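Notes follow once the structure below has been shown.
Derivation of every value follows stated rules applied to the coordinates shown; laboratory data play no part. Everything numeric here is computed off the predicted structure, so don't read it as measured data. With ideal geometry, Cβ positions are generated from the backbone for all residues, glycine too; neighbour counts draw on all protein chains shown.
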Amino acid sequence: MMASIIKGLKPSKKSVSTYLILLVVVAFTFDKLAIALFQSILAGIIAFVVAFCLWELVRFTLKVTKKVQFLSFGEAVKGAF
């Protein structure tokens, strides 16, 4: 197996197809990685927005019903870092 890989990497007329196949495989791999990275970033943004909405909803509800005051989401995030 290793011998066939090394033989395929030698520049010759026969190995042009090997380079083309390698190029296609690498392109598809990077495409999949880019899609996975995009989906991860999108999931992080959605989680941040959901956390913000829930935080402010609970803060507003407690402020109106129980007269409890606590930090806004922005102040809490600033305080965490």
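Taking a spot 7 Å from the Cα of LYS63 along the direction of its beta carbon, which residues of region 40-54 have an amide N less than 14 Å from it? Residues 53-54 qualify, since their backbone N sits under 14 Å from the label point.
Determine the gain in length on full extension of the stretch PHE70-ALA36; use 0.36 nm per residue of separation and subtract their C-alpha separation, reporting nm with one decimal. Mind showing how you got there, number by number?
Working: separation 34, 0.36 × 34 = 12.24 nm, distance 3.71 nm.
Stretched out fully, the PHE70 to ALA36 stretch lengthens by 8.5 nm.
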